[in-house]
Amino acid sequence: MTRSDPKSVIQNNEAAINPHNQSNERRNFLRGGVKAASLVAVASASPMVQAQESVQKDFPAWSITPGKGFSEYGQPSTFEFNTKRTIAKAYGDLAPGTGSTRTPIEKLEGIITPSGLHFERSHNGSPAIIPKEYVLTIHGLVKQALNFSIENLLRYPLKTRTYFIECAGNSAQNILAPQPVQATAGSLHGLISCSDWTGIPLSILLEEAGLDSKAKWVLAEGADAAAMSRSVPLEKILDDAMIALYQNGERLRPEQGYPARLLLPGWEGNMNVKWLRGLKVTSTPTHTKDETSKYTDPMSNGMARQFTFEMGVKSIITNPSATMKLPIPGLYQISGIAWSGAGRILRVEISSDGGKNWFNATLDGESQPHSLVRFRAPWNWKGSPAFLQSRATDEKGHVQPTRAVYKANNSVDGRYHNNTIVTWAVETDGSVKNAYL
Ligand code: CO
């Protein structure tokens, strides 16, 4: 039996998918009656480290000296220093707070983004709001304008939901760049993150203010120096919008809108207005600078789409992904994330031949509406060139489109709402590259 023998790979499938289960690995090898000589070759082809046969006699210093003391706020291991956001400043150091940071999705697992790694998109930096001075005002077409301090808001009934937030400009580089940029999955597609958000259903606060019969829209205004503002249809506000106060169990991070942000499940990131200071109820959209100069989508026919709120159905393989290298042919577990602004993810399919053949991935846990879901699939890489793709379908029947379809429907400088299928090319030496198909 050699390492490229497919029978040995299939036989050890269970152990390979669960690389920490060394007893499983041993059992499978023994059950197969593998001779000691070939065991070495097979073990080196698997992601596992062979179990130590002899008792370890020399313990490392970190194992026999008292460990570090306690801390009031824990930090990741210093050996994980490379798990960090990539920063993209729109105007360099001229406006250091204008631009974005991207989540290193290729280094994360599960569906929750650690709060300190949630992507950021700010139009003029993160304001240093003093909570005691913070006021949220609800005004406009209401029976009674209301002001809320943060203490007031914290006394309302709360609810917690797991929601993704994706920037409308996520994956823009894969549309705009004529040749595929070779960078990590996070720097190309990392304007997507997912958190447990806790907050107040906005319908409760609007009910208290009392809506005028002409009320149709709500202008959400940020307290940042860019006064980032968006018009939101009243229907969405009354459906599932919330004023988020907590993220992943703790109060919002400053760069995520501390002390309060708007949460519009499934809708484009910029509408989830951070540092929310005002909600003005109106009869029409306000046409703010942020919804005319930006976040309007030019089409190939010379017209433009405005108010494209919902994020499309999308998926991406995070492991393996661009800039990684598969060490050796054999069995791998493909892992990735899928989501849809329209609701739940129904199915994620995988192709290893650039979309000619597809097979179903397994969803790791139940897909919740407007949340990420993790998908997984075993894949036996035989050492020949491959084109890995994932394609998600949501419960409304939307299917992730190809890049060619996007290019045909949008103007040459169109970049928003790129939910197209991502292709990772695996070369014969195991290098994984970003590719257009
Ligand atoms: Co849009």
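None of the figures in this text is laboratory data; all of them are computed from the coordinates on show. The model shown is predicted, which means the values in this text are computed figures rather than measured ones. No Cβ is skipped: glycine too gets one built from the backbone with ideal geometry, and neighbour counts run over all protein chains shown.
Figures for the structure shown
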item: Residues of type aspartates and glutamates that LYS396 reaches as a straight line, Cα spacing below 15 Å, ignoring anything fewer than 8 places off in the same chain; result: GLU310
item: Taking HIS398, HIS189 and counting other C-beta atoms within 10 Å, the order from fewest to most; result: HIS398, HIS189
item: Rounded tilt (10° steps) of 22-31 against the dominant C-alpha axis of the chain; result: 40
item: Charge-dipole axis of the chain as Lys and Arg at +1 and Asp and Glu at -1 on Cβ define it, positive-most pick from MET271, GLY354, PHE119; result: GLY354
item: Residue with peak Gaussian network fluctuation, the chain [Cα springs, cutoff 10 Å], from GLU166, GLU250, GLU133; result: GLU133
item: Between 0 and 90°, nearest 10: helix 36-45 axis offset from the chain longest Cα axis; result: 20
item: Positive-end extreme of charge dipole, the chain - chosen from PHE148, TRP62, GLY430 (charges on Cβ); result: GLY430
item: Relative contact order of the chain, defined on C-alpha pairs under 8 angstrom at six or more residues apart (%); result: 15
item: Cβ-placed point charges (K, R +1; D, E -1), dipole of the chain about Cα centre in debye, nearest 20; result: 500
item: GNM top mover of TRP197, TRP379, TRP267 - the chain, alpha-carbon springs below 10 Å; result: TRP379
item: Rg and Dmax [Cα atoms of segment 160-204; Å; Rg one decimal, Dmax integer]; result: 15.2, 49
item: Neighbour-count order for TRP358, TRP217, TRP62, fewest beta carbons within 10 angstrom listed first; result: TRP62, TRP358, TRP217
item: Inter-centroid distance (Cα atoms) of segment 172-239 relative to segment 96-122, Å; result: 16
item: Formal net charge of residues neighbouring PRO178 (Cβ-Cβ distance under 15 Å; K, R +1; D, E -1); result: +2
item: Two-decimal ratio, segment 241-347, of alpha-carbon radius of gyration to 2.2 N^0.38 Å; result: 1.46
item: Residue among LEU206, CYS194, PRO327 farthest towards the positive dipole end of the chain, charges placed on Cβ; result: PRO327
item: Calculated P(r) of segment 65-155 - Cα pairs past 23 Å, %; result: 57
item: Candidates GLY354, GLY341, GLY257: whichever shows maximal mean-square fluctuation once the chain is modelled as a Gaussian network with Cα springs under 10 Å; result: GLY354
item: Average projected area [Cα convex hull, segment 314-435], square nanometres; result: 7.7
item: Kirkwood estimate for the chain, i.e. one over the average of 1/r between Cα atoms, Å; result: 24.0
item: Charge dipole magnitude, Cβ of K and R +1, D and E -1 - segment 325-377, Cα centre, debye nearest 20; result: 80
item: Distant-in-sequence amide H partners of LYS294 (H built 1.01 Å from N, under 5 Å); result: none
